[in-house]
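Participant: Can you read through this structure? Questions will come right after.
The values are calculated or read from the model by the stated rules, or taken from the named source; none is laboratory data. These numbers come from a predicted model, not from an experiment. Methodologically, a virtual Cβ is constructed for each residue, glycine included, from the backbone with ideal geometry; neighbour enumeration extends over all protein chains shown.
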Amino acid sequence: MSRLLLLLLILCIPPALGGNLTPGDRVFLQLPGESDFDKPFTIDDQGQIQLPEIGLVNIAGLSLKEAEQRLRDRLNTVYRNLDEFKLSILEQVLRVQVLGYVEEPGMISLKPDSNIQMAITAAGGARPGAQLDQFKLIRNGQAQQFNYKAYLDGGGTNLLPSLQGGDTIFVPTSPLLGNVEVDFDAASLREGGDANEEQGITIFGELRNPGTFSFKPGMTVVDALMRADGVTRYADVTKIRVITDNVPYQFDLKSYLDTGETKSLPPIAPGSTIFAPIEVEDINTTSRTVYVMGEVKAPGAYESTPDTGFVDVLANAGGPTRFADTTQIKLLRAAGAPIALNLVTYTQNPASYSLPDIAPGDVIFVPEKIDFNEKSWLKVTGDRAIKIIGAVNNPGRFEWNNSMGFLDVLSHAGGPKQQANLSNIRLLRDQPGGGNNVIYFDLESFIYEGGSFSQLPSLSAGDTIIIDELPHDPTDNKSSWIRQSADDSIYIFGQVGAPGRYAFNKELGFLDILSAADGPNGDADLRQIRISHRNENTAKVSHLNLSLYFETGDESLLPKVVPGDVIYVPKEQGNWLDKPAEQVVRLMGSVNKPGRYTFNNQMNILDLLAEAGGPSDSAYIERIMIVNTSCCGDKTQTFNLRDYVIDPARYPLPLLRPGDTVYVPNINDSVGEQWRQGLRDILGIFTLIALGAAL
């Protein structure tokens, strides 16, 4: 660094720099004629600077004048001329130590007026598991404890002590880490509890977050359980144990929630212990237990109330399984003979069949069916069977009854799959004279638009229902197009990502089929899309300007397409002749992309040249010619693009309208170039004459 640059830096030092010197400060000693003092000096952590031929001099803690005088006294022993000697501060910093549970402990440098948070941040931040409320600031051997977490919670800078050079910040670890370091996050620390055993409440067992938690005045056992995020689904809430002041209590949480009696709450205090046992540890033998066994979804012991009925208990157990014999249910009681119950008879006529009341200790037994042999389909003759094949969950041959309808058969087969083509279901029916008759039905329209059930096709024994499967994606759509009927397909060609033939129904629209074909590619001309409507009585082709739709969002611009239509997306510049001459501007000559360009009143000649890639390197831009077409005859004007670029205010842009022609000449067409070419030709002739005379 040159001496002049250092002097400039000294002059640029802001007035805020001042006060006593501290370790880390950068100072400049002005001593003309001594090259050893051309570079600044930095005060080390011991408060000293190393002077040439003098050695270490301690200046930390001194004011600027005191430090200058001390240095002058030391330099006077070696250097004679100190008349222009001066001490200046280049940069003041705070040098503090950050130790303890931080990411990068050690000595750091801070700007003046920095606070504790800046020091912690410079040390990489406190590590997960640091005791945020027990930070210490050590200054001159005296330790001051402060609550860093209170500062983070409230944001008051007055909660943090001020920093001075030479301070040490110590960050302790949480006692939850123990003697072995483990990885913690905020959730782990919270879930592990926030108090010790003497001052808090220990909660363990079948709880979501067991641990030792702080006690608050007025806290109940329910509050303590919620502090541990509540019990798990496996906890026995009727036998929660509580120990307070060495006195054990048993607490029935379920009974408390049913009655709300606060007198059943056991007392808790600092040092209490709460245990929630697992439910399977004890047999559920409370005074309200009812037992359900046999062929039910979830057999076991269930709690009952005086208002609980037979159906309530059976439903609580998940109800009978498909193997249950619901005509032979038994109700067992401690006294008296078993009671036989027929649930089928009860469901058919509940008013004439009464179910017995349920009392605590009762046992409901649902037996298994004695004979559960499903009949083979070979035992069902053709005049009593109907077949359903294709995209259903359980295709096959089913027994038929005249009381069944189309939806009954479809439901018996497990219903259609997600990819089923419900818009074109086929029904094959044998004809008396041989052959078969095909009936088509659109179930999708019936489901979404509604209609009378009389519109559903009537079935008879021997019929076959066929439900086709739609392709899973456009690629599969193309590979399996032969399975699609032409009446259910739509065609898309030209500049799209995946042209081809796609399944289509009237629930879809133009954008759906365009998206299925992966959309237009980069060469597509969105202004000239054609749709051939083949299902019309007469030939009809509609035009679509998709760019205009994207600009306006007008849904009326999108044509209605139906299966059988053909969509063609042409290539850009491939159909330029479709634009009439009065809607375009012709651009010719030395431009990168000459041609016909769409032009409107919001555009000018610069827009036209930019769209054509600009003039070429050989263009003569000083004389661009424009032919304006009008009803009164064509007029020609010239335009100097170079003059416009140099002074736009003086040379305005020429008027340009649709139907005009712009010609950018070549540099060889300029008058100066032709004159230079003629001069070269004359010189060439004289050169030939001179050579001939010499020969």
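Participant: Output yes when any residue across the stretch 372-383 is surrounded by fewer than 17 Cβ atoms within 10 Å (Cβ to Cβ) and modelled with pLDDT of 85 or more, and no when none is.
Facilitator: Within the stretch 372-383, the subset surrounded by fewer than 17 Cβ atoms within 10 Å (Cβ to Cβ) is 372-383.
Subset that is modelled with pLDDT of 85 or more: none.
No; the residues of the stretch 372-383 include none that is surrounded by fewer than 17 Cβ atoms within 10 Å (Cβ to Cβ) and modelled with pLDDT of 85 or more.
Participant: Let me ask something else. Condition check: out of contact with any helix residue (DSSP H, G or I) (no Cβ under 6 Å at 6 or more places or on another chain), modelled with pLDDT under 90 and among the basic types (Lys, Arg). Does ARG642 satisfy that?
Facilitator: On the way: out of contact with any helix residue (DSSP H, G or I) (no Cβ under 6 Å at 6 or more places or on another chain): no; modelled with pLDDT under 90: yes; among the basic types (Lys, Arg): yes.
Considered against the rule, which asks whether it is out of contact with any helix residue (DSSP H, G or I) (no Cβ under 6 Å at 6 or more places or on another chain), modelled with pLDDT under 90 and among the basic types (Lys, Arg), ARG642 comes out as no.
Participant: Which one of these does TRP481 not meet: (1) outside the structural domain of MET404 (by TED's automatic domain parsing); (2) under 30 Å from SER556 (Cβ atoms); (3) at pLDDT below 85?
Facilitator: (2)
Participant: Mind checking which residues of the stretch 522-565 are without any contact (Cβ under 8 Å) to a residue 40 or more places away in the chain and at positive phi?
Facilitator: Once the filter is applied, which keeps residues that are without any contact (Cβ under 8 Å) to a residue 40 or more places away in the chain and at positive phi, the stretch 522-565 yields only GLY553.
Participant: In the stretch 393-409, which residues are farther than 19 Å from SER454 by Cα and either among the charged types (D, E, K, R) or assigned to a strand (DSSP E or B) (or both)?
Facilitator: Of everything in the stretch 393-409, those that are farther than 19 Å from SER454 by Cα and either among the charged types (D, E, K, R) or assigned to a strand (DSSP E or B) (or both) turn out to be GLY396, ARG397, PHE398, GLU399.
Participant: What are the residues in the stretch 230-262 that are farther than 13 Å from SER272 by Cα and surrounded by fewer than 13 Cβ atoms within 10 Å (Cβ to Cβ), if any?
Facilitator: Hits for the stretch 230-262 are ARG233, GLN250, LEU257, ASP258, THR259, GLY260, GLU261, THR262.
Participant: Mind checking which residues of the stretch 124-139 are closer than 18 Å to SER162 by Cβ and either buried (at least 19 other Cβ atoms within 10 Å of the Cβ) or in contact with a Gly (Cβ under 8 Å, 6 or more places away or on another chain) (or both)?
Facilitator: PHE135, LEU137, ARG139
Participant: Filter the stretch 68-106 down to the residues that are among the hydrophobic types (A, V, I, L, M, F, W, C) and under 30 Å from ALA143 (Cβ atoms), then identify the one that is surrounded by the most Cβ atoms within 10 Å (Cβ to Cβ).
Facilitator: As a first pass, look at the stretch 68-106 and keep what is among the hydrophobic types (A, V, I, L, M, F, W, C): 71, 75, 78, 82, 85, 87, 89-90, 93-94, 96, 98-99, 102.
Checking the rest, the ones that are also under 30 Å from ALA143 (Cβ atoms) come to 93-94, 96, 98-99, 102.
On the way: VAL93: 19, LEU94: 22, VAL96: 27, VAL98: 24, LEU99: 15, VAL102: 21.
Filtering the stretch 68-106 for residues that are among the hydrophobic types (A, V, I, L, M, F, W, C) and under 30 Å from ALA143 (Cβ atoms), the one surrounded by the most Cβ atoms within 10 Å (Cβ to Cβ) comes out as VAL96.
Participant: Among the candidates SER515, SER556, which residue alone is within 28 Å of ASP468 (Cβ to Cβ), under 34 Å from the mean Cα position of the chain (by Cα), of a type outside the set (Asp, Glu) and in a helix (DSSP H, G or I)?
Facilitator: On the way: SER556 fails: within 28 Å of ASP468 (Cβ to Cβ).
The match here is SER515.
Participant: For the stretch 102-117, name all the residues that are within 33 Å of the chain's Cα centre (by Cα) and either small (Gly, Ala, Ser) or at pLDDT below 90 (or both). Don't jump to the end; show me each part of the working.
Facilitator: Residues of the stretch 102-117 that are within 33 Å of the chain's Cα centre (by Cα), as a first pass: 102-103, 117.
Listed by number, the list holds a single entry, GLN117.
Participant: Identify, from the list ASP468, ASP463, the residue that is surrounded by 14 or more Cβ atoms within 10 Å (Cβ to Cβ) and over 28 Å from LEU508 (Cα atoms). Break it down stepwise before answering.
Facilitator: On the way: ASP468 fails: over 28 Å from LEU508 (Cα atoms).
It is ASP463.
Participant: Right, here's the next one. In contact with a Ser or Thr (Cβ under 6 Å, 6 or more places away or on another chain), among the β-branched types (Val, Ile, Thr) and part of a strand (DSSP E or B): does that describe VAL585? Even if it seems obvious, please write down each step before you answer.
Facilitator: Numbers: in contact with a Ser or Thr (Cβ under 6 Å, 6 or more places away or on another chain): no; among the β-branched types (Val, Ile, Thr): yes; part of a strand (DSSP E or B): yes.
In short, no.
Participant: Name the residues in the stretch 598-609 that are modelled with pLDDT of 85 or more and either farther than 20 Å from GLN637 by Cα or over 44 Å from the mean Cα position of the chain (by Cα) (or both), would you?
Facilitator: Within the stretch 598-609, ILE605 is the sole residue that qualifies.
Participant: Ok, one more. Does the stretch 410-425 hold any residues that are part of a loop (DSSP other than H, G, I, E, B) and small (Gly, Ala, Ser), and which are they? It would help to see each step written out before you state the result.
Facilitator: So in the stretch 410-425, the residues part of a loop (DSSP other than H, G, I, E, B) come out as 413-415, 417-419, 421.
Scanning the stretch 410-425 gives ALA413, GLY414, GLY415.
Participant: Which pairs do you get when a residue that is farther than 12 Å from ASP488 by Cα, found in the stretch 418-430, comes within reach of a residue that is surrounded by 20 or more Cβ atoms within 10 Å (Cβ to Cβ) and hydrophobic (A, V, I, L, M, F, W, C), reach meaning Cβ atoms under 6 angstrom, with the pair 6+ apart or on two chains?
Facilitator: Partner pairs satisfying both residue conditions: GLN419/LEU470; ALA420/ILE467; LEU427/ILE465.
Participant: Also, I was wondering about something else. Any residue in the stretch 147-154 that is at pLDDT 80 or above, exposed (fewer than 14 other Cβ atoms within 10 Å of the Cβ), in a helix (DSSP H, G or I) and of a type in the set (A, V, I, L, M)? It would help to see each step written out before you state the result.
Facilitator: Initial filter on the stretch 147-154 (at pLDDT 80 or above): 147-152.
From what's left, exposed (fewer than 14 other Cβ atoms within 10 Å of the Cβ): 152.
Checking the rest, the ones that are also in a helix (DSSP H, G or I) come to 152.
Now drop any that are not of a type in the set (A, V, I, L, M), which leaves 152.
Yes, the stretch 147-154 contains at least one residue that is at pLDDT 80 or above, exposed (fewer than 14 other Cβ atoms within 10 Å of the Cβ), in a helix (DSSP H, G or I) and of a type in the set (A, V, I, L, M).
Participant: Moving on to the next point. Which of the residues that make up the stretch 549-573 are among the hydrophobic types (A, V, I, L, M, F, W, C) and exposed (fewer than 13 other Cβ atoms within 10 Å of the Cβ)?
Facilitator: Narrowing the stretch 549-573 to residues among the hydrophobic types (A, V, I, L, M, F, W, C): 550, 557-558, 561-562, 566-567, 569.
Answer for the stretch 549-573, where residues must be among the hydrophobic types (A, V, I, L, M, F, W, C) and exposed (fewer than 13 other Cβ atoms within 10 Å of the Cβ): just PHE550.
Participant: Counting only residues that are outside any loop (DSSP other than H, G, I, E, B) and among the charged types (D, E, K, R), which one in the stretch 67-104 is nearest to PRO23 (Cα to Cα)? Even if it seems obvious, please write down each step before you answer.
Facilitator: Step one: list which residues in the stretch 67-104 are outside any loop (DSSP other than H, G, I, E, B), which gives 67-75, 86-91, 94-100, 102.
Within this subset, residues satisfying the condition of being among the charged types (D, E, K, R) are 68, 70, 72-74, 86, 91, 95.
Values: GLU68: 16, ARG70: 17, ARG72: 20, ASP73: 21, ARG74: 20, LYS86: 20, GLU91: 11, ARG95: 6 Å.
Once the filter is applied, the top-ranked residue is ARG95.
Participant: Test SER109 against the stated conditions and say whether it is hydroxyl-bearing (Ser, Thr, Tyr), touching a Leu at 6+ places or on another chain (Cβ under 9 Å), under 21 Å from ILE43 (Cα atoms) and surrounded by fewer than 18 Cβ atoms within 10 Å (Cβ to Cβ). It would help to see each step written out before you state the result.
Facilitator: Details: hydroxyl-bearing (Ser, Thr, Tyr): yes; touching a Leu at 6+ places or on another chain (Cβ under 9 Å): yes; under 21 Å from ILE43 (Cα atoms): yes; surrounded by fewer than 18 Cβ atoms within 10 Å (Cβ to Cβ): yes.
In short, yes.
Participant: When residues of the stretch 426-459 are filtered for being touching a strand residue (DSSP E or B) at 6+ places or on another chain (Cβ under 7 Å), modelled with pLDDT of 80 or more and outside any strand (DSSP E or B), how many remain?
Facilitator: Number of matching residues: 3.
Participant: Which of the residues belonging to the stretch 496-524 are at pLDDT below 85 and of a type in the set (Phe, Trp, Tyr)?
Facilitator: TYR502, PHE504, listed by residue number.
Participant: Here is a follow-up. Scan (1) under 23 Å from THR157 (Cβ atoms); (2) in the same structural domain as GLY24 (by TED's automatic domain parsing) for the single condition GLY100 breaks and write down its number.
Facilitator: GLY100 satisfies every listed condition except (2).
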